[in-house]
Amino acid sequence: MTADGLKGRAILLCVSGSIAAYKACEVARLLVKAGARVRVAMTRSAVRFVSPLTFQALTGAAVSSDLFHSQQELTAGHIAQADAADLIVVAPATAHLLGAARLGLADDVVLAALLAARGPVLFAPAMNERMWAHAAVQENVRVLRERGARFVGPNAGEMAEAGHVGMGRLAEPEEILAAVRAALGPRDLTGKKVVITAGPTREHLDPVRFLSNPSSGKMGFAIAEAACDRGAEVVLISGPVALTDPPHARVVRVVTAEEMLAVTRREAAGAHVLVMAAAVADQRAEKRATHKVSKKPGAETVSLVRTEDILLTLAAEWERTPSRPIVVGFAAETERVIERAKEKLSRKRMDLIVANDVSRNDAGFGTEENAATILDQGGGAEEISRVKKRVLADRVLDRVVLLIAKRA
Ligand code: CTP
């Protein structure tokens, strides 16, 4: 996404009463620096942590903090502000604020603006880790997400209370800025169906044992989220992972390579793009035992057979059809990374392959970040240094958008 994606965009930054409110000053500063037109609204408790004057100085605009202040309502009326905003960002969002927003309460400027909002809303929660983990807060988050709200964070780390560590810290200002960019990013996949596979597959030997790999699914999920943000109709076919479903994707859960092949075949028919980010297990037991197999003395042998290669199978089937989706594959390698990826790109008839070195332990399997090289059919290689998986996801989709335009 271009660096000036925020230039001229109207953002209403809503601040609620948390010790993390001071970090909202940095968020305001970064947004202004990126060229956004920023207005700030504060709850009654937020003004006890940070003065509205600070935000006024940072944004150069009147701050609204009092629903019943006639002058404020004239210069920064909450309905008009909500209407004018391309995006409302609530940072920090306290447990109370999330609960009130879920209920549709409106007794301060922030809540009233949220009720009047018609555009996208991004919450950056911040609270004690026990409060965040509470079922009531989690339910409020789920309901707000279902209504279309986006969330960034919270992160894990030290809490304001001495000795408290856990999930609840406000996302860092740069992360909030990235989430703002994502929420306001290009809608260049509108009208396109994008099918994404993610995570590992599991091939059971018996009901309690299986062959699999350490894929966390994070890369595939990041691509699904990015594709949703860019307006695509997204189907995410996922093996067993411990991640929550992206709110705007249709998620189909599968277990085995065979199931993944069947669902991918069905969903990819008529799709514009197929991204195979799944780490499909290459072998399964020749015979799956119906009951748990007991230990036997001495050496034991398991007879394995190859699972079907999903991309190879579909590529062969698409030879006989007039249209096939743009195919992006992944190659997680530990040696001769580019050479092996190139070979897979041509053998599996992909349009792009994202090659990464999983022998590094700071990027790849299970981590938040990835370093990769995107290879194309024309021999091009784009190197991407260590970035968040979400950033890599957008870089891959930028290439996909170019390929779609070429085909049209
Ligand atoms: N893939 C697939 N079906 C499989 C295995 C892999 O569709 N049974 C896809 C993966 O999702 C990935 C690409 O093929 O997009 C390359 O995966 P990889 O495991 O690196 O390929 P393999 O052909 O299995 O190569 P290797 O011999 O290195 O395991």
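Here's the yes/no breakdown for (1) charged (D, E, K, R); (2) part of a loop (DSSP other than H, G, I, E, B):
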site	(1), (2)
LYS23	yes, no
LEU31	no, no
ALA61	no, yes
LEU98	no, no
PHE123	no, no
MET131	no, no
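Residues checked against (1) more than 26 Å from MET159 (Cβ to Cβ); (2) in contact (Cβ under 8 Å) with a residue 40 or more places away in the chain:
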{"residue": "GLU26", "(1), (2)": "no, yes"}
{"residue": "THR54", "(1), (2)": "no, no"}
{"residue": "GLN81", "(1), (2)": "yes, yes"}
{"residue": "HIS96", "(1), (2)": "no, yes"}
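Out of all the residues in the range 205-213, is one or more within 16 Å of the ligand (Cβ to nearest atom) and within 30 Å of GLU139 (Cα to Cα)? The answer is no, given that none of the residues of the range 205-213 is within 16 Å of the ligand (Cβ to nearest atom) and within 30 Å of GLU139 (Cα to Cα). Highlighted here are the strands (runs of 3 or more DSSP E) found entirely within the range 192-293 that include at least 1 residues which are touching a residue at least 60 places away in the same chain (Cβ under 8 Å): 193-198, 203-206, 209-211, 273-276, 283-285.
Residues in the range 249-268 that are open to solvent by 10 Å² or more (accessible area, probe 1.4 Å), aliphatic (A, V, I, L, M), modelled with pLDDT of 95 or more and under 17 Å from LYS192 (Cα atoms): VAL251 only. Inspection of the range 237-258 identifies at least one residue that is within 24 Å of LEU98 (Cβ to Cβ) and of a type in the set (Ser, Thr, Tyr).
Please tell me if ASP188 is under 30 Å from THR94 (Cα atoms), at pLDDT below 95 and part of a loop (DSSP other than H, G, I, E, B). Considered against the rule, which asks whether it is under 30 Å from THR94 (Cα atoms), at pLDDT below 95 and part of a loop (DSSP other than H, G, I, E, B), ASP188 comes out as no. Taking VAL358, is it under 14 Å from ALA277 (Cβ atoms), more than 9 Å from the ligand (Cβ to nearest atom) and open to solvent by 30 Å² or more (accessible area, probe 1.4 Å)? In short, yes. Only a single criterion out of (1) touching a helix residue (DSSP H, G or I) at 6+ places or on another chain (Cβ under 9 Å); (2) within 12 Å of the ligand (Cβ to nearest atom); (3) among the acidic types (Asp, Glu) is not satisfied by GLU317, namely (2). Considering the range 370-396, and only residues there that are touching a helix residue (DSSP H, G or I) at 6+ places or on another chain (Cβ under 6 Å) and more than 16 Å from the ligand (Cβ to nearest atom), the residue that is nearest to LYS193 (Cα to Cα) turns out to be ASP394.
Condition first: within 16 Å of the ligand (Cβ to nearest atom) and either hydrophobic (A, V, I, L, M, F, W, C) or open to solvent by less than 80 Å² (accessible area, probe 1.4 Å) (or both). Now tell me which residues in the range 284-313 satisfy that. Spell out the reasoning first.
Residues of the range 284-313 within 16 Å of the ligand (Cβ to nearest atom): 284-285, 304-313.
Within the range 284-313, ALA285, LEU304, VAL305, THR307, ASP309, ILE310, LEU311, LEU312, THR313 qualify.
I need a count of the residues in the range 294-327 that are of a type outside the set (D, E, K, R), farther than 20 Å from PHE210 by Cα and not in a helix (DSSP H, G or I). Total meeting the criteria: 8. Does the range 323-345 contain at least one residue that is away from the ligand (no atom under 13 Å from the Cβ) and open to solvent by 70 Å² or more (accessible area, probe 1.4 Å)? For the range 323-345, residues away from the ligand (no atom under 13 Å from the Cβ) and open to solvent by 70 Å² or more (accessible area, probe 1.4 Å): present.
Would you confirm, using the coordinates I've provided, whether THR367 is surrounded by 13 or more Cβ atoms within 10 Å (Cβ to Cβ), closer than 21 Å to ALA198 by Cα, at pLDDT 95 or above and away from the ligand (no atom under 12 Å from the Cβ)? Considered against the rule, which asks whether it is surrounded by 13 or more Cβ atoms within 10 Å (Cβ to Cβ), closer than 21 Å to ALA198 by Cα, at pLDDT 95 or above and away from the ligand (no atom under 12 Å from the Cβ), THR367 comes out as no.
The values are calculated or read from the model by the stated rules, or taken from the named source; none is laboratory data. None of the values given here were measured: they were computed from a predicted structure. All Cβ positions, even for glycine, are placed from backbone atoms using ideal geometry, and neighbour counts span all protein chains on display. The accessibility values were calculated without ligands, DNA or RNA, using every heavy atom of the protein model including side chains. Shrake-Rupley method; radii C 1.70, N 1.55, O 1.52, S 1.80 Å.
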